[in-house]
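Right, I'll just put the structure down here and ask away after.
The values are calculated or read from the model by the stated rules, or taken from the named source; none is laboratory data. Every value quoted in this text rests on a predicted model; they were computed, and no experiment measured them. Because the Cβ atoms are built from the backbone with ideal geometry, glycine has one as well, and the counts that use them run over all protein chains shown. Accessible surface areas use protein heavy atoms only, side chains included; no ligands, DNA or RNA. Shrake-Rupley method; radii C 1.70, N 1.55, O 1.52, S 1.80 Å.
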Amino acid sequence: QVQLVESGGGLVQPGGSLRLSCAASGFIFTNYAMRWYRQTPGNEREFVAMITRNSIFENYADSVKGRFTISRDNDKNTVYLQMNSLKPEDTAVYYCNAFDTDYWGPGTQVTVSS
């Protein structure tokens, strides 16, 4: 049974940091690039970041470039998203996804507010 479970969200002040985690199970994690997306009410899911299977290549949305860093630990079947210099517009539900699949987690809420 495929499972992706995000964690690490919460309420943070502007300029603060959070580290999201996504634990994967039920599929061969090392076979897939992994991605983070985010979604706000009434909007489509928006691409945030992607990392290849062996962590050689990363790609970011322009809106988060230089502030967010994606990484993965293949021994732990986990992908991370380090988010620094957070802005109110980063407020969203964040989801992880195995590239080119319908494998999605339930999401974790990130709220950036003073």
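Of the residues 61, 23, 49, 33, which is more than 16 Å from residue 92 (Cβ to Cβ) and open to solvent by less than 20 Å² (accessible area, probe 1.4 Å)?
After applying the criteria, what remains is 33.
Pull out all pairs, ordered by first then second residue, where Cβ-Cβ is under 9 Å, the residues are six or more apart or on different chains, the first lies in region 44-60 and is touching a residue at least 40 places away in the same chain (Cβ under 8 Å), and the second is in a loop (DSSP other than H, G, I, E, B) and among the aliphatic types (A, V, I, L, M).
The qualifying pairs are 46/61; 48/61; 48/64; 50/33.
For region 4-20, give me each residue that is open to solvent by 50 Å² or more (accessible area, probe 1.4 Å), in a strand (DSSP E or B) and over 13 Å from residue 79 (Cα atoms).
Of region 4-20, the ones open to solvent by 50 Å² or more (accessible area, probe 1.4 Å) are 5, 7, 11, 13-15, 17, 19.
Among the residues that remain, those that are also in a strand (DSSP E or B) are: 5, 7, 11, 19.
Listed by number, the list holds a single entry, 11.
Looking for whichever is polar (S, T, N, Q), touching a Cys at 6+ places or on another chain (Cβ under 8 Å) and open to solvent by 10 Å² or more (accessible area, probe 1.4 Å) here; the options are 101, 78, 69. Which one fits?
78
Moving on to the next point. Within region 50-74, count every residue that is in contact with a helix residue (DSSP H, G or I) (Cβ under 7 Å, 6 or more places away or on another chain) and β-branched (Val, Ile, Thr).
Residues of region 50-74 in contact with a helix residue (DSSP H, G or I) (Cβ under 7 Å, 6 or more places away or on another chain): 53, 74.
Narrowing further to those that are β-branched (Val, Ile, Thr): none.
Residues that pass the stated criteria total 0.
Please go through region 81-98 and give me each residue that is surrounded by 16 or more Cβ atoms within 10 Å (Cβ to Cβ) and either farther than 16 Å from residue 14 by Cα or among the small types (Gly, Ala, Ser) (or both), ordered by number.
Selection gives 81, 92, 93, 94, 95, 96, 97, 98.
Out of (1) over 16 Å from residue 105 (Cα atoms); (2) under 15 Å from the mean Cα position of the chain (by Cα); (3) polar (S, T, N, Q), what's the single condition that is false for residue 78?
(1)
So is residue 6 farther than 14 Å from residue 103 by Cβ, among the charged types (D, E, K, R) and out of contact with any helix residue (DSSP H, G or I) (no Cβ under 6 Å at 6 or more places or on another chain) or not?
Here the answer is no, as residue 6 does not meet what is asked.
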